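Please read the structure below before turning to the comments.
The values are calculated or read from the model by the stated rules, or taken from the named source; none is laboratory data. Keep in mind it's a predicted model, so treat the numbers as computed, not measured. Here the Cβ positions follow ideal geometry from the backbone for every residue, glycine too, while neighbour counts run over all protein chains shown.
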Amino acid sequence: MGKYLKSIMLLLSLALLMALAACGNGETEDVEGDTDEEEADEEELSGDITFWTASLSGDPFDGYFDELKEEFEDMHPEVSVTIQDTPQNEMEQRVLTSLTSDDAPDVVNLNPHYMSNIASQGGLLPIGDYVSDDYQETYVEGALESGYYDGELHALPWYLTTTVSWYNQEHFESAGIEEVPTSMPEIHETATAISEETGNTSFFQIINDGNVIMEKMSTLAGDDYIVEDGTAVFNENEKIVEYFTTMQEMYDEGLISQENAEGGIGTAQELFMSEDISFLEGGITFLGAVESGAPSVYENSVAGDPLNDPDSPVNIAVMNLAVPANTDHPEAAVAFAEFVLNAENQLEFSKTAGTVLPSTVESLEDEFYTDPGDSPNATGMKAGAEALSTAEVLIPGTDNNSELRNLTHDAFVDTLIGNVDPQEALDQLAEDWNQSFSSEGIEISF
Amino acid sequence: MKNKKRIKTLLIYLIMLFFTVITIGPFIFTLLISLKGAQEGIFTTVLPQDPTLSNYVDAFRGANFGAFLLNTAIATGLAVPLNILFCSLAAYPLARMDFRGKTLALTVIISTMAVPFQLFMAPLFQLTGDLGLRNSYLGLIVLQVGTAFGIFLVRQAYLTIPKALEESAYIDGANIFQVWFRVVLPMIKPTLITLGIYTFTFTWGDYLWPLLNTTNSDMYTLSIGLAQLSQSFSGANMKLISAASLMTTIPSIFIFIWLQRYFVGTTSGAVKG
């Protein structure tokens, strides 16, 4: 009897487990779009808005977003806001998956690549009709451009970073370098002088997925196009050929670390922290990991102008806010996005984050940016704010953007490690780009 | 002769030491980084100058680790027994019963292992939404319960048991459920433990599906919290990430150490005639 009782108890326990499992502590009821809301006065915003941020969780952001939510809900009592954070790398996949059901967010924080891809699949609401021209003029021009896909505004800019140079001041001083280099020969000379002094590699070229190299090529081309009407012409540009050639030579001479072939910003930060490199170009958030990982190196770090001709355009990296196409409350969603992005809230957010730039002209006039102090991070913000005058989105969002990035990444790495002649690599890359533009039917110039 | 044996032993130990260092080296390095204070550089010295547990405290608070740990523990605590139950139930007829389409059923189950998750991610997302499993513990573990791998593993274990044992139980008056539960299951205990460990490991570290199926961040799991820490937009704090990684990994290690004695059972007695 006891044996049977034991079996019955076991089965009952399992049944209880399953019942428990189906409960969870989350709210599964979706109250969006109920009848009362639809019948509500059209003038008054209403609905449940879900806002997905990208890698902005924990301190100090939680407090900031709690206040933001509270303030907006006070302004619009019929609107309820839920703010959730998603790891940045999975944002695109998560948004695309959520769009297949009724569980998509109403406002989402995307980078321009993700935005273009989701918009190309019809996943984002064109918001040009929801925001006035006057309102659009409150943004930094280059930043607003990043929100366009296929000629239509699909996103509004939030926070920005631009390219600056970062260098280890102690290494520069010991090598007798007084100014950051602004041309390829100067970069080569500077790296040689520092490496002779430190006995280490000295320069790092961030590659990421190839986007940084594409942006650098566009910067070096200056007023010239790198693609004309869907035909790549960068292989005929002397400065770009010089860039590929110099990188290969520096790698060969041991001025660039072998780990540079990996090319990620994380690798660059680790090498900078261990003082195995002395200068590089990066975003103004570059020092984030260095500040916690190598405090003494952080204290020696200084930001300067980008490592190119001062008149050349530099890329502006933008984080946008977009509204998914299947939102039930487009007016409330756009109103919430505008609220997050107003000058006052952007300034507060940038101060909270510490190392980003706001995208509204008014916020940038605050003394937080005009006179940020002389801490290493502050020098980065100041240099970044100054670079905004020549900053723009250098590579437009096209359907084949991901393919172009991959091709460029592989060509650059092959050149860097000496597998291929720089001119041959660029010729082949141009051919690959042309094939991609041709198969997609894209005739664009940039 | 004795010297030759000593050299051979020494060589074996050196090789073992080499592989041990390679295997646990990164773990030790992570541990050392996690113990370094705020003012200490990660790469300045190998050993922490002034060891501190503050990174563990900060990571626990900063990444909402308490809530995420609870979610992960509940999800894993559910997934392990449920997967063992469903796999052992599903595998039994595939090993012991004759019915039309048995081979086809087995082939279909095994072939699902070759389908990449990304292919059925969106339909699964819709399905779990329709079933009301969004933001629920069962929703978190839907991929880990009744796995094709588990069914195959348990079926193979059933096949090693002599049929005569089951037949004698039937003669003694047992029904099919009693034979399965009282005779067969105890004999494949090591396999069930192995499946339990696999399920534990996969559920504990599962990342993409819990992230997709969870639209309420209160239901996030440890691996999502870890990703949030490491993908911080201002750059990852390596000391915090190291501490958080260890806190995430340690339960798996303890579970493995606790259960590894059962692996001995798989081979002990195997050489007896």
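So the values come out like this:
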| item | result |
| --- | --- |
| Residue list for the range A:42-58, restricted to those being on the phi > 0 side of the Ramachandran plot, within 14 Å of another protein chain (Cβ to nearest Cβ) and touching an Asp or Glu at 6+ places or on another chain (Cβ under 8 Å) | A:S55 |
| Residue satisfying all of: in the range B:109-153; more than 17 Å from the chain's Cα centre (by Cα) and among the β-branched types (V, I, T); nearest to B:M219 (Cα to Cα) among these | B:T128 |
| Some residue of the range A:99-111 being out of contact with any Phe, Trp or Tyr (no Cβ under 8 Å at 6 or more places or on another chain) and closer than 23 Å to A:G282 by Cα | yes |
| Residue within the range A:234-256 that is surrounded by fewer than 16 Cβ atoms within 10 Å (Cβ to Cβ), of a type in the set (G, A, S), modelled with pLDDT of 95 or more and not in a helix (DSSP H, G or I) present | yes |
| The lone exception for A:Y139 - which of (1) out of contact with any strand residue (DSSP E or B) (no Cβ under 8 Å at 6 or more places or on another chain); (2) in the same structural domain as A:S55 (by TED's automatic domain parsing); (3) in contact (Cβ under 8 Å) with a residue 12 or more places away in the chain; (4) at negative phi it fails | (1) |
| Qualifying position, being aromatic (F, W, Y) and crowded, with 19+ Cβ neighbours inside 10 Å, among A:Y135, A:Y139 | A:Y139 |
| Matching residues, the range B:125-142, being of a type in the set (A, V, I, L, M, F, W, C) and either without any contact (Cβ under 8 Å) to a residue 60 or more places away in the chain or surrounded by fewer than 18 Cβ atoms within 10 Å (Cβ to Cβ) (or both) | B:L127, B:L131 |
| Helices (runs of 4 or more DSSP H) (entirely within the range A:351-445) containing at least 1 residues that are within 15 Å of A:I226 (Cα to Cα) | A:401-416, A:422-440 |
| Filter pass, B:A114 being modelled with pLDDT of 90 or more, surrounded by fewer than 11 Cβ atoms within 10 Å (Cβ to Cβ) and small (G, A, S) | yes |
| Members of the range A:293-327 found to be among the polar types (S, T, N, Q), without any contact (Cβ under 8 Å) to a residue 60 or more places away in the chain and either assigned to a loop (DSSP other than H, G, I, E, B) or buried (at least 23 other Cβ atoms within 10 Å of the Cβ) (or both), listed by number | none |
| Options A:F72, A:F61: the member that is more than 17 Å from the chain's Cα centre (by Cα) and within 13 Å of chain B (Cβ to nearest Cβ) | A:F61 |
| Matching entry among A:H171, A:H154 (being in contact (Cβ under 8 Å) with a residue 60 or more places away in the chain, on the phi < 0 side of the Ramachandran plot and touching a Pro at 6+ places or on another chain (Cβ under 8 Å)) | A:H154 |
| Single condition A:Q428 does not satisfy, out of (1) farther than 27 Å from A:Y251 by Cβ; (2) without any contact (Cβ under 8 Å) to a residue 60 or more places away in the chain | (1) |
| Residues of the range A:272-310 satisfying the condition of being touching a strand residue (DSSP E or B) at 6+ places or on another chain (Cβ under 9 Å), away from every other protein chain (no Cβ under 14 Å) and more than 15 Å from A:S257 (Cβ to Cβ) | A:E281, A:V302, A:A303, A:G304, A:D305, A:P306, A:L307, A:N308 |
| Cβ pairs under 6 Å, 6+ apart, first in the range B:215-234 and more than 7 Å from chain A (Cβ to nearest Cβ), second among the charged types (D, E, K, R) and not in a loop (DSSP other than H, G, I, E, B) | none |
| Helices (runs of 4 or more DSSP H) enclosed by the range B:44-146 - at least 1 residues per element that are within 27 Å of A:S98 (Cβ to Cβ), small (G, A, S) and within 12 Å of another protein chain (Cβ to nearest Cβ) | B:54-62, B:65-96, B:117-130, B:137-140 |
| Residues that are in contact with a helix residue (DSSP H, G or I) (Cβ under 6 Å, 6 or more places away or on another chain) and at pLDDT below 90, drawn from the range B:202-224 | none |
| Selection status of B:G150, modelled with pLDDT of 95 or more, not in a loop (DSSP other than H, G, I, E, B) and not aromatic (F, W, Y) | yes |
| A:T408 being in contact with a Gly (Cβ under 8 Å, 6 or more places away or on another chain), among the polar types (S, T, N, Q) and buried (at least 16 other Cβ atoms within 10 Å of the Cβ) | yes |
| Any hit, the range B:154-174, residues being surrounded by fewer than 19 Cβ atoms within 10 Å (Cβ to Cβ) and within 22 Å of the chain's Cα centre (by Cα) | yes |
| Residue satisfying all of: in the range A:77-102; part of a loop (DSSP other than H, G, I, E, B) and without any contact (Cβ under 8 Å) to a residue 24 or more places away in the chain; farthest from the chain's Cα centre (by Cα) among these | A:P77 |
| Residue check, A:S195 touching a residue at least 40 places away in the same chain (Cβ under 8 Å), surrounded by 20 or more Cβ atoms within 10 Å (Cβ to Cβ) and touching a strand residue (DSSP E or B) at 6+ places or on another chain (Cβ under 8 Å) | no |
| Positions within the range B:143-169 being without any contact (Cβ under 8 Å) to a residue 40 or more places away in the chain and within 24 Å of B:L212 (Cβ to Cβ), in sequence order | B:A148 |
| Criterion violated by A:D410 - all others in (1) at pLDDT below 90; (2) of a type outside the set (S, T, Y); (3) not assigned by TED's automatic domain parsing to the domain that holds A:L153 satisfied | (1) |
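Rundown of residues vs (1) in the same structural domain as A:T50 (by TED's automatic domain parsing); (2) touching a Ser or Thr at 6+ places or on another chain (Cβ under 7 Å); (3) modelled with pLDDT under 95, yes/no style:
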{"residue": "A:Q88", "(1), (2), (3)": "yes, yes, yes"}
{"residue": "A:S101", "(1), (2), (3)": "yes, no, yes"}
{"residue": "A:A104", "(1), (2), (3)": "yes, yes, yes"}
{"residue": "A:N109", "(1), (2), (3)": "yes, yes, no"}
{"residue": "A:Y114", "(1), (2), (3)": "yes, no, yes"}
{"residue": "A:N117", "(1), (2), (3)": "yes, no, yes"}
{"residue": "A:L125", "(1), (2), (3)": "yes, yes, no"}
{"residue": "A:S132", "(1), (2), (3)": "yes, no, yes"}
{"residue": "A:G147", "(1), (2), (3)": "yes, no, yes"}
